[in-house]
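One structure is given here, and the rest of the page talks about it.
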Amino acid sequence: PIVCYVAWQIYQRSKNRSLLELAYPVLAANNAWIRRARDGNGNGILEFGSSPVGNGLYLGTKLAAKDESFMDNSPVHDEAQWNETSRTLDCEDVGLNCLVCLDSEVLGLMARELGKDGKIHDAHAAELRGKISSHFWDASRSIFANRLWSGAFTRSVAPTSFYPLLCGAATPEQTR
């Protein structure tokens with residue numbers, strides 16, 4: 001979900017609308033897919049997973065989901081378990097949710113730049129921003145952390161613990 005942000009930054013520098021015209025429908029479809037396919041427990045908060053396509057060696061495994069995060073060797077995923085029914089980890093990821101939140105925000109900007117209604121993207125970003133701020137904040141450690149479906153915070157944290165600053169989800173107190 002970082003491609004929207006990259007495309008927007010390129011557009012801001014080049015003002016070449018053809019990039020937005022080509023990218024917007026694909027990126028909007030990707031955003032809708034990830035929000036649908038990576039919400040394994042249906043609570044509107046996302047987890048990494050593995051889609052049932054292709055014939056990759058680790059297809060449908062915890063390792064495939066960890067690979068999707070690009071942090072496959074990170075201890076932040078050690079406590080997570082693979083859920084075959086949802087095809088996701090049973091661990092909601094703060095970094096993924098923040099990137100999808102930023103993705104939604106930028107899609108709203110792109111939509112307006114293209115003369116489209118961006119309100120649906122703005123609403124998705126606002127809803128996720130609120131969930132990130134409350135759901136992932138571990139007050140006992142004063143940091144954002146991944147959360148298992150059981151409600152427990154993962155013991156390990158990662159650089160993604162700071163992503164709520166990127167998408168504007170951290171309150172001033174949490175930022176401090």
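The values are calculated or read from the model by the stated rules, or taken from the named source; none is laboratory data. As the structure is a prediction and not an experimental result, all values here were calculated from the model. Reconstructed Cβ throughout: ideal geometry from the backbone, glycine too, with neighbour counts over all protein chains shown. Surface areas here come from the heavy atoms of the whole protein model, side chains and all, with no ligands, DNA or RNA. Shrake-Rupley method; radii C 1.70, N 1.55, O 1.52, S 1.80 Å.
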* GLU127 - accessible surface, heavy atoms, 1.4 Å probe, Å² rounded to 10 -> 100 Å²
* Asked: Just the projected area, averaged over all directions, of the convex hull on the alpha carbon atoms of the chain: how many nm²?
  -> 10.7 nm²
* To do: Taking each pair of different alpha-carbon atoms in segment 1-59 once, compute 1/r for the pair, average those values, and report the inverse of that mean as the Kirkwood hydrodynamic radius in Å to one decimal.
  => 13.5 Å
* Asked: If all Cα-Cα distances of segment 130-176 are sorted into 5 Å bins from 0 onward, what percent lands in each bin, rounded to whole numbers?
  -> 5, 23, 38, 23, 10, 1
* **Pair ARG141, ALA37: separation of 7 Å Cα→Cβ label points (nm)** => 3.0 nm
* Using the heavy atoms of the protein chains alone and a 1.4 angstrom probe, what is the accessible area of segment 1-91 per residue in square angstrom? -> 55 Å²
* To do: Among HIS77, ALA145, VAL26, flag the residue with its Cα farthest along the positive direction of the charge dipole of the chain, charges on Cβ as +1 for Lys/Arg and -1 for Asp/Glu.
  => VAL26
* Dipole magnitude of the chain about its Cα centre (Cβ charges: Lys, Arg +1; Asp, Glu -1), debye to nearest 20 -> 440 debye
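Measure off, as a whole percent, the carbon and sulfur share of the 1.4 Å-probe accessible area of the chain, all protein chains present.
Answer for the chain: carbon and sulfur cover 57 percent of the accessible area.
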* Asked: Can you list the residues, at least 5 places off or on another chain, whose amide H is less than 5 Å from the amide H of PHE144, using H built in the peptide plane?
  -> ASP138
* **Simple spin-label estimate for GLU127 and ARG176 in nanometres, 7 Å along Cα-Cβ** => 3.2 nm
* Ordered by residue, what ³J(HN,Hα) values in Hz, to whole numbers, does segment 45-59 give under the Karplus form 6.51 cos²θ - 1.76 cosθ + 1.60, where θ = phi - 60° and Gly and Pro are x? -> 10, 9, 10, 6, x, 9, 6, x, 10, x, 9, x, 4, 9, 3
